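Before any comments, here is the structure.
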Amino acid sequence: MSRFAWLLLALLPQTVAAQTDSVAVMRRAPLAVGLYAQGSFIMAHTAALRHLVVSHPTGLELNFQRQTTGTQPWHGWHGYPKLGLTLTYYDFHNPVLGYAVAATPYMSKSLWRRPKHDLSFRLGAGLAYLTNPYNRLTNHKNNIASSAFNASIQLRFEYDYALTPHLGLVAGLGLNHYSNGATTKPNLGVNLPSVLLGLNYHQLRTPPQRNPNAPAPTDVGRTFYNLSTSLGFKQRSQSDQQKYLVNSITAAVGRRVSRKSALVAGAEGFYDRSLKATLEDTTRAGLRQPDVKKAGVFVGHEWLFGRMSVVSHLGVYVYEPYRSSTFYYERLGMKYHVTDLLFGAIDLKVHRGSADVIEFKIGAKL
């Protein structure tokens, strides 16, 4: 399932900071560079993909990573995560699928760290380019993706063992996912469970970490209000190549309950013009068509990292004259506060694990 977004790029500049260790003065947070080989298989998450599960894709990954050191209060609150960018090349070893190239910003959190050992979990979202997308005339068997550009999602457990003070042996187990979020169809997406092996070069493996007990932010325990609107585009079917506009408007109330979390609840309305086109094709002439607009209520959580947050919502439709999906929906996304008042977000709206639309959102926090 596709999820999420490219606003994770906003995290990378926050790693730049001055720090002092016992040996030298480093002007930036310490850098690690890695090169990994990957082996994968295509997960047949639906029977419609079985004709493509005939090979074992292999990949090569170049990784750039910086260790946070406490220059921002949230670094210590989250256990000094690592922030990075990975460039991945995949060969599907299948002429129907071709190759994939992805750039994925990510955050990696250590689960167990010792002087020579580091077990961590990585979450990333970025952009992928697939060389052989679906084409009705020349590549009709590729129902994984019908667009060259797709979202890239990466989940991974990594273990880094220090061979020397600067060189680490890396082994990992993870999942790479590429999909366009139903912007065009067909869009079954591809899931690549992967194992990896490689090397990391650490500029400084265990940098000093300051500000471990940063005080809680002043807005913990305070109530806030969000007003936002979004737009997205989706294709109705393979035979209809038109992109239909999807709008939403949202009003929410929230409360920051800790340094790392906020809870929200709200109401929103949706207008999906692809549903109107479907009704026009299927309703008999002269019959009244139901309203395709929808309204829903939701509850959600925001995982906070400075000005950025990871958003998850679960909603229920309370007004849905034309039933086109499940009675509930989910939303996963990334939000970034440009100022204390204004924010932008990229969300993926989902019905029972199936992508509905990618929403580009702008709003205000009051």
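The values are calculated or read from the model by the stated rules, or taken from the named source; none is laboratory data. Being a predicted model, the structure only gives us computed values, none of them experimental. So basically every Cβ, Gly included, is an ideal-geometry build from the backbone, and we count neighbours across all protein chains shown. What goes into the accessible areas is simple: the full protein's heavy atoms, side chains included, and nothing from ligands, DNA or RNA. Shrake-Rupley method; radii C 1.70, N 1.55, O 1.52, S 1.80 Å.
For segment 154-223, what size does the Cα cloud have along each of its three principal axes, sorted from largest down, in whole Å?
50, 49, 16
Test of the criteria: in segment 131-212, which trypsin sites (Lys or Arg not before Pro) are in a DSSP loop and have at most 15 other Cβ atoms within 10 angstrom of their Cβ?
Answer by residue number: R136, K141, R210.
Which order do L123, L60 take by accessible area at a 1.4 Å probe, largest first?
Putting L123, L60 in descending order of accessible area: L60, L123.
Run the numbers for R288 and Y89: contour at 0.36 nm per residue of separation, minus the present Cα-Cα distance, in nm.
Here the segment from R288 to Y89 would lengthen by 66.4 nm.
Checking the cross-link filter: which aspartates and glutamates have an alpha carbon closer than 14 Å to that of K361, excluding same-chain neighbours under 8 positions apart?
Output for K361: E268, D347.
Heavy atoms only, probe 1.4 angstrom, no DNA, RNA or ligands counted: give me D291, D281 ranked by accessible area, highest first.
The ranking, largest first, comes out as D281, D291.
Please give the charge dipole size of segment 210-366, origin at the Cα centre, charges +1 on K and R Cβ atoms and -1 on D and E Cβ atoms. Round to the nearest 20 debye.
Dipole about the Cα centre, nearest 20: 300 debye.
Which residues' amide hydrogens lie under 5 Å from the amide hydrogen of T184, considering only partners 5 or more residues apart or on another chain, with H built in the peptide plane?
Q235
What does the charge add up to near Q241, with Lys and Arg as +1, Asp and Glu as -1, over the other residues with Cβ less than 10 Å from its Cβ?
+3
With a probe of 1.4 Å, find how much accessible area the chain has per residue, and write the answer as a whole number in Å².
Counting only protein heavy atoms, the per-residue value for the chain is 47 Å².
Take the alpha carbon gyration tensor of segment 94-159, find the square roots of its eigenvalues, order them as a ≥ b ≥ c, and report rounded if a/c is under 1.5; if not, report prolate when a/b exceeds b/c, else oblate.
Prolate, because a/c is 1.5 or more and a/b exceeds b/c.
Say R0 is 51 Å: what FRET efficiency, to the nearest 0.05, do L342 and L163 get from their beta-carbon distance?
The value I calculate is 0.60.
Taking N as the number of residues in segment 217-366, what is its alpha-carbon radius of gyration divided by 2.2 N^0.38 Å?
After normalising by residue count via 2.2 N^0.38 Å, the value is 1.15.
Given axes a ≥ b ≥ c from the Cα gyration tensor, I'd like to know whether segment 59-143 is rounded (a/c under 1.5), prolate (a/b larger than b/c) or oblate.
prolate
About its Cα centre, what dipole magnitude does the chain give when the only charges are +1 on Lys and Arg Cβ and -1 on Asp and Glu Cβ, stated in debye to the nearest 20?
Magnitude of the dipole: close to 400 debye.
Dividing the Cα convex hull volume of segment 165-266 by residue count, how many Å³ per residue is that?
Once divided by residue count, the hull of segment 165-266 is 199 Å³.
Given a Förster radius of 30 Å and the C-beta distance between A364 and K276 as r, what FRET efficiency does 1/(1 + (r/R0)^6) yield to the nearest 0.05?
0.55
As a test of the definition: which semi-axes, in Å, follow for the chain when you take the square root of five times each eigenvalue of its alpha carbon gyration tensor? Largest first, please.
The answer is 38, 29, 14 Å, longest axis first.
What's the carbon and sulfur percent of segment 55-170's accessible surface, probe 1.4 angstrom, rounded to a whole number?
68 percent
Ranked by accessible surface with a 1.4 Å probe, highest first, in what order do Y317, Y129 come?
So, going from the largest accessible area down, we get Y129, Y317.
Within a Cβ distance under 11 Å of R113, other residues only, what is the Lys/Arg minus Asp/Glu net charge?
Surrounding charge for R113 is +3.
Quick one: net charge around T339, please, counting Lys, Arg +1 and Asp, Glu -1 for every other residue with C-beta under 10 Å from its C-beta.
For residues surrounding T339, the net value is +1.
Need one value: the accessible area of K260 in square angstrom, 1.4 angstrom probe, rounded to the nearest 10.
70 Å²
Compute, for W112, the solvent-accessible surface of its heavy atoms (probe 1.4 Å) with the complete set of protein chains present, and express it in square angstrom to the nearest 10.
110 Å²
Obtain the nm distance between the two label points defined at L119 and T218 by a simple spin-label model: each point lies 7 Å from its Cα along the Cα-to-C-beta direction.
4.2 nm
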